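Working notes for the structure below.
Computed from the coordinates by the stated procedures, all read-outs in this text should not be read as laboratory data. The shown structure was predicted, so the numbers you read here are calculated from the model rather than taken from an experiment. Here the Cβ is made from the backbone with ideal geometry for all residues, glycine too, and neighbour counts use every protein chain on show.
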């Protein structure tokens, strides 16, 4: 079993963030009081492995320099963490195409 609060703290810590960095919990349609949401998360245990998705797919957390959204594949679920103020390269590269030649290519290749 996975505890939603513990999972959230672990993801935040892996990106040098804490619960104190959270500014918003909810969805694009619904804001939830942060303290109430955190208390509810502490009580929420779920199976994060394959099967049916148990946590609302539109749950998101926005914070100081980041946003977290729920990821899911075939019932396996997790937090996706995205930095919203990334350090971006200042040197331009000559990119000839946005299409991958043979799967899994990136712009750096």
Task: In range of the label at residue 50: residues from region 65-83 whose backbone nitrogen is under 16 Å from the point 7 Å along Cα→Cβ - done: 72-78
- [ ] Could you please rank 40, 88, 59, placing first whichever residue has the fewest other Cβ atoms within 10 Å of its Cβ?
- [x] 88, 40, 59
Open item on the list: What is the ratio of the Cα radius of gyration of region 1-92 to 2.2 N^0.38 Å, with N the residue count, to two decimals?
Closed with: 1.14
- [ ] Quick one: order 93, 70 by neighbouring beta-carbon count within 10 Å, fewest to most.
- [x] 93, 70
TODO: With everything on Cα atoms, drop me the angle between helix 4-14 and the longest principal axis of the chain, reported from 0 to 90° to the nearest 10.
DONE: 40 degrees
Task: In nm, spacing of pseudo-spin labels at residue 57 and residue 27 (7 Å Cα→C-beta vector) - done: 1.0 nm
